[in-house]
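Notes to accompany the following structure.
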Amino acid sequence: MLVEVIHIKTKIVLSLSVITLVAIFMVGATLAWFTSESNTIDNQFVAGTVEIDAGSSVAQSQYFDPSGAVYLYGAEYGTGGLYEIDVQNGRAHKFFDVNMSGATDSYSPNGLAFDNTNRRLYYSIKKESITELRFYDLKENKDFYAGQETGVTIYGATFGRGYYWYVANGTDALYRVDFNPDGTKKSSELYANITSGNLQFGDIVLDIRDGVLYGSSSSPQKFFKYDLDEKIYEEISTTDALNLQLAFGSDGLLYGHHTWGQNWVTINPEDGSTSPVVFHESYSFNDLASGYASVWNPGDCSKLRYNVRNTGTKNVRVRAIISGHWEEYIEGQGWVTWIPPADVVTYEPCDDTDWFIGDGGIYYEGELNGTFLGAGGEAELCIKVCLDGVGTGNEFQAKQFVITTTFDAVQSSNNAPYHSWQVNYWPID
């Protein structure tokens, strides 16, 4: 019996001030094992395959080098995809597909707004007479229901001062939504009527540094600002920064995106003047949300989630092998290996995952079905990575920790896991 084990490697970088998803690779390999097919003349034997794909739902913007990227977030028109957008390098990466079941508006998801404190990305889905509010938790890398608003359509939203702010489309009514500690809706109130007329959006964005709300409308076309403290409205321009989705990048600059033109600009908030931003890919985003730069401090834990899918014909057992090392940046050499004075990083399966620690790795409890009789099986691995709060001193500052995750798959039949991995976690045939 010939058994081959295939490897899928994902490399992740974590740092005191940096946690970066470096690369994701998908690899497949063929296993010379057989299944039979009946033939009218004789028996024909066809080799089965063992293949798996591994991908990560980790948003790179939560684990990045601020000097190498400038992030904000977007909800894509027509697909429901949530993206992190690196405006410095002109790239976008989808990290979540919104469940659009029940949506009655092609502009959903919308109302995108990022809670910087709790790292929750809120968004809205229009469903008949209600607008459902949800949030994607960028600490847990999971999606949650937050509540609903009745009788309104949310196309422009922002987050700041602990509240979710939106203007009901077709009106000038600015609403303020308060949330419970778990992210669910606590209350909603009409905060102000900000102009003397109705507004079609466009977007709004709050500059959390001074409490000024900026808006870009499509009808009538205006770029304006509204002071939340003084409740004073001021028209800035009727010729520039019009009908744009708005967001502050993690660099503090105000960015604009035209959904249909797919172009990007930076905006001068003082006069609405714009400068083009080079983007290497074409996207149409319904809405944008301001970006975030994270810091990994001693005592912090982060969660990484991987999706593993069996794309081969054979049923398989899967394990993940995790290793890590520290690096420091040296001018002229780049990132090189650094030997720490103590072991301060731990990683283990999350409480809500069907994986366990065993000899040589972390094993999936179940079996992933092959594609021979239908769709291949899928499993999610959640890993909690923690930095020790007591043993991590100043010598770790500006260093980064590199995690390499390798996924192994082996056919589950004929005791292949036992012979390949020398483990006995499942019944012997």
Out of all the residues in region 332-341, which are surrounded by fewer than 13 Cβ atoms within 10 Å (Cβ to Cβ), modelled with pLDDT of 90 or more and not in a strand (DSSP E or B)?
I339, P341
Check region 411-423 and report whether any residue there is within 29 Å of the chain's Cα centre (by Cα), assigned to a strand (DSSP E or B) and in contact (Cβ under 8 Å) with a residue 60 or more places away in the chain.
no
Just a yes or no: is a residue in region 375-396 surrounded by fewer than 17 Cβ atoms within 10 Å (Cβ to Cβ), among the polar types (S, T, N, Q) and either assigned to a strand (DSSP E or B) or out of contact with any Lys or Arg (no Cβ under 9 Å at 6 or more places or on another chain) (or both)?
yes
Selected residue (only one of Y347, Y306, Y292, Y329 is part of a loop (DSSP other than H, G, I, E, B) and of a type in the set (S, T, Y)):
Y292
Strands (runs of 3 or more DSSP E) wholly in region 89-192 with at least 1 residues that are closer than 26 Å to G211 by Cα and more than 23 Å from the chain's Cα centre (by Cα) - which ones?
142-150, 163-168, 173-179
Is it the case that R319 is in contact with a Pro (Cβ under 9 Å, 6 or more places away or on another chain), more than 30 Å from D240 (Cβ to Cβ) and either touching a residue at least 12 places away in the same chain (Cβ under 8 Å) or surrounded by 13 or more Cβ atoms within 10 Å (Cβ to Cβ) (or both)?
yes
Name the residue that is nearest to L133 (Cα to Cα), counting only residues in region 159-200 that are crowded, with 17+ Cβ neighbours inside 10 Å and of a type in the set (S, T, N, Q).
S188
Between residues in region 168-189 that are within 22 Å of S216 (Cα to Cα) and residues that are part of a strand (DSSP E or B) and among the small types (G, A, S), which pairs lie under 7 Å by C-beta distance while being six or more apart or on different chains?
L174/A192; Y175/A168; Y175/S188; V177/S188
Scope region 210-233; condition without any contact (Cβ under 8 Å) to a residue 12 or more places away in the chain and part of a loop (DSSP other than H, G, I, E, B); matching residues
D210, E230
Quick one: D287 ticks every box in (1) modelled with pLDDT under 95; (2) open to solvent by less than 10 Å² (accessible area, probe 1.4 Å) bar one, so which box is it?
(1)
Verdict on A75 being modelled with pLDDT of 70 or more, in contact with a strand residue (DSSP E or B) (Cβ under 8 Å, 6 or more places away or on another chain), among the small types (G, A, S) and within 30 Å of G393 (Cβ to Cβ):
no
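The values are calculated or read from the model by the stated rules, or taken from the named source; none is laboratory data. This one's a predicted model, so the numbers in the text were calculated from it and none came from an experiment. Glycine gets a Cβ as well: all are built from the backbone with ideal geometry, and neighbour counts include every protein chain shown. Side chains included, ligands, DNA and RNA excluded: accessible areas come from the protein's heavy atoms. Shrake-Rupley method; radii C 1.70, N 1.55, O 1.52, S 1.80 Å.
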